[in-house]
Amino acid sequence: MSALMDAQRSEQSLKSPQDMVIIKNLDFFYANKQVIFDLNLNIQANQILSVFGPANSGITTTLRSINRLYEMNPKARLQGEIYLNQRSIFDSDVSVTELRRRVGMVFDVPTPLPMSIFDNIAYGPRLKKKKRKAEIADIVEEALSMAALWDETKDRLHTPAMSLSGGQQQRLCIARVLALQPEVILLDRPCSGLDPISTARIEESLIQLKKRFTIVVAPHNVQQAGRISDRVAFMLMGKLIEEGISAEVFANPQDQRTSDYITGRFG
Ligand SMILES: Nc1ncnc2c1ncn2[C@@H]1O[C@H](COP(=O)(O)OP(=O)(O)OP(=O)(O)O)[C@@H](O)[C@H]1O
Ligand SMILES: [Mg+2]
């Protein structure tokens, strides 16, 4: 190994765990109504962060800020800063399309495209640039494998994605995001409406995926946050109440409101 590589490697290890996303002083408004208040949150690379809280806490809005998806809503507006890998996502030279590829999003209701399993995954990579057929097939296999769906679909890749079960459709949607080689994956209640076995499959695949990606989840419930997260952030009425290592927050919450929520006293 060269001295330069050595130096680079030790610099890397000094920096880790690296903040992949930094949210600074975020205020968010829908028309004149403020729904997020001075949010500060760092999201570390190769970890699962669960952002949890009761309804209307601003969790979906927070996720949609990180890839600027909120901009689809003309009444939505924010103040503050968000950095992805040290660079502001609002810099004038940032391409929003490229940002949304780097920060992929999976929604609560799976939304496969009305085409085959294979084409659902291949759709994005085909748009991006001209690729050879074999290359596309490799991307599809890798994405389905990472989403723990390959074994169940490898013999039926050219059948309609709509014929998959709900849990399989949700893993397909995860695979579709993975095929675009993101850096961060946002999942907003990805297990809503899924049975416990499908939920467990998705949770297992997220734990595998964090080796390669940074994952932010709005969990289905507090129990799910406890099972999958390295860190958790508790939000209430647009404010971050508490953030920390998952096991520590659940064992010993620092704020009474966190404690009340995780013990089921409200929400
Ligand atoms: N498109 C919108 N227009 C106006 N207000 C909105 C819009 N979307 C969300 N809000 C409001 O913003 C606040 C935060 O909503 P958000 O969806 O971010 O919360 P959440 O924590 O994800 O809640 P949920 O449990 O419903 O998923 C709520 O008061 C909500 O009513
Ligand atoms: Mg939500």
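May I have the pair-distance distribution P(r) for segment 69-157, computed from all Cα-Cα distances with 5 Å bins from 0 and rounded to whole percent? With 5 Å bins starting at 0, P(r) equals 2, 10, 16, 20, 16, 13, 12, 7, 3, 0. Placing pseudo-labels 7 Å out from each Cα toward the beta carbon at residue 46 and residue 22 gives an inter-label distance of 2.0 nm. Across 45, 247, 134, mean-square fluctuation computed from a Gaussian network of the chain (C-alpha pairs under 10 Å connected) peaks at 134. Starting from the Cα of residue 115, move 7 Å in the Cα-to-Cβ direction to define the label point; list residues of segment 172-189 whose amide nitrogen is under 15 Å from there. Only 173, 176-177, 179-180 fall inside the zone, counting backbone N under 15 Å. Its residue count N sets the reference 2.2 N^0.38 Å, and the alpha-carbon radius of gyration of segment 169-254 equals 1.13 times that reference. Report the Cα centroid-to-centroid distance between segment 50-102 and segment 177-191 in angstrom, as an integer. Taking the Cα centre of each part, segment 50-102 and segment 177-191 sit 14 Å apart. Spatially, segment 108-128 and segment 196-230 are offset by 22 Å when compared through their Cα centroids.
Over segment 113-267, the hull volume per residue, using the convex hull of the C-alpha atoms, is 128 Å³.
Considering only 199, 61, 159, the Gaussian network model of the chain with Cα springs below 10 Å gives its largest mean-square fluctuation to 159. Here the ratio of the Cα radius of gyration of segment 21-84 to 2.2 N^0.38 Å is 1.08.
Greater than 32 Å separation of Cα atoms is the criterion. Which listed pairs, 24/210; 210/239; 133/211; 24/154; 75/210; 131/154, meet it?
24/154; 75/210
Charged side chains reduced to their Cβ positions (Lys and Arg at +1, Asp and Glu at -1) give segment 136-267 a dipole of some 200 debye around its Cα centre. Three principal axis extents describe the C-alpha atoms of the chain; from largest down they are 54, 52, 41 Å. If you run the Gaussian network model on the chain, springs between alpha carbon atoms under 10 Å, then out of 43, 197, 23 the most flexible one is 197.
None of the figures in this text is laboratory data; all of them are computed from the coordinates on show. Because the structure is a prediction, the values reported are computed rather than measured. Ideal geometry is used to build each Cβ from the backbone, glycine not excepted, and the neighbour counts take in all protein chains shown.
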